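The values are calculated or read from the model by the stated rules, or taken from the named source; none is laboratory data. This is a predicted model, so every value here is computed, not measured. Note that we place each Cβ from the backbone using ideal geometry, even for glycine, and neighbour counts take in every protein chain shown.
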Amino acid sequence: QMGTGTFISPFSRPRCVAAASEKTKLTHPGKAILAGGLAGGIEICITFPTEYVKTQLQLDEKANPPKYRGIGDCVKQTVQGHGVKGLYRGLSSLVYGSIPKSAVRFGVFEFLSNHARDESGRLDSTRGLFCGLGAGILEAVVVVCPMETVKVKFIHDQTSANPKYKGFFHGVREIIKAQGIRGTYQGLTATVLKQGSNQAIRFYVMTSSLRKCDDPNRAMNPLVTGGFGAVAGAASVFGNTPLDVIKTRMQGLEAHKYKSTMDCATKILRHEGLAAFYKGTVPRLGRVCLDVAIVFIIYEEVVKVLNVVWKTD
């Protein structure tokens, strides 16, 4: 759609702006915040078991020795010991965090991209990368680091002989009581690096993919958007899983062993080898591809509805 009063999302196809006879108006950041929040909340409820397995495998240190023989064994042991609900341990921390995380991500990206577009409203891939980087860094500091710290501690706690966290709010109180607010910001550097690179890669791939679509005159099918999202998610997984492993280790119950992000990376390499930096890649790949695909689809569809019911002229 084109013309006065029409708003496009950050992932709308460039032909919308290139062919417009009038300057195309962009998605209002408020719509991006609302649509992103809804998309994030729905997505995490669907994909959390893969996040749980990924985290357990990353926490499973070689020196201990390993508790799990692989993805299937991790799922089997968890279900046997805690039932199916055990695969959702730590979900509450991500539900509470995913809504503001996605809201911040899309809201900031929309704000930055609105200022980065050229006079016709076009956003090229390089600018999309830097807008994604900015969105990823801010979401890491504001939401992701404390959310991920609590989630990792909850999941790690379940492997203890006597789990001490009874629920989300009880766990947060215990963490703050023992370590202060700083206890919820463990691995901040690794988290910023991970989230910044995540969103830079994803928004770059999405922007590039949508620009290269063969048929610019046909409306984008949600499944096509989801397919591009899955590719973007996969690219980010292969691009920064080592950072994700380091972040997870620094947020676990054994985080006191590491003096810094570099110290953590050095010890993993020295004691477990290069392969340890890619622990949990397969479950993370499944989770992230679903995550990004679902979020992009829901985001696009919610924005379409908001454009009808929320006029921001």
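Matching residues to (1) closer than 30 Å to Gly132 by Cα; (2) of a type in the set (Phe, Trp, Tyr); (3) part of a loop (DSSP other than H, G, I, E, B); (4) modelled with pLDDT under 85:
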residue: Val152; (1), (2), (3), (4): yes, no, no, yes
residue: His156; (1), (2), (3), (4): no, no, no, yes
residue: Asn162; (1), (2), (3), (4): no, no, yes, yes
residue: Lys166; (1), (2), (3), (4): no, no, yes, yes
residue: Ile176; (1), (2), (3), (4): no, no, no, no
residue: Arg182; (1), (2), (3), (4): yes, no, no, no
residue: Thr191; (1), (2), (3), (4): yes, no, no, no
So Ser113, is it under 24 Å from Ile298 (Cβ atoms), surrounded by 21 or more Cβ atoms within 10 Å (Cβ to Cβ) and under 15 Å from the mean Cα position of the chain (by Cα): no
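Could you tell me which of the residues Val172, Val143 is part of a helix (DSSP H, G or I), under 26 Å from Cys264 (Cβ atoms), in contact with a Pro (Cβ under 6 Å, 6 or more places away or on another chain) and modelled with pLDDT of 85 or more?
From the options Val172, Val143, the qualifying one is Val143.
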Condition broken by Ile99, with the remaining ones in (1) buried (at least 23 other Cβ atoms within 10 Å of the Cβ); (2) among the aliphatic types (A, V, I, L, M); (3) under 19 Å from Val288 (Cβ atoms) satisfied: (1)
Filtered residues of region 60-94 (kept if more than 20 Å from Gly233 (Cα to Cα), modelled with pLDDT under 85 and either of a type in the set (Val, Ile, Thr) or outside any loop (DSSP other than H, G, I, E, B) (or both)): Ser92, Ser93
Contacts under 7 angstrom Cβ, first residue in region 34-55 being under 14 Å from Lys85 (Cα atoms), partner in a helix (DSSP H, G or I) and of a type in the set (Val, Ile, Thr), 6 or more apart: Cys45/Val95; Ile46/Ile294; Tyr52/Ile155; Val53/Ile71; Val53/Val75
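Taking the conditions exactly as written (out of contact with any His (no Cβ under 9 Å at 6 or more places or on another chain), within 26 Å of Val152 (Cβ to Cβ) and assigned to a helix (DSSP H, G or I)), does Gly30 satisfy them or not? Before you say what the answer is, go through the steps one by one.
Working: out of contact with any His (no Cβ under 9 Å at 6 or more places or on another chain): yes; within 26 Å of Val152 (Cβ to Cβ): no; assigned to a helix (DSSP H, G or I): yes.
When the stated conditions are applied, Gly30 does not pass them.
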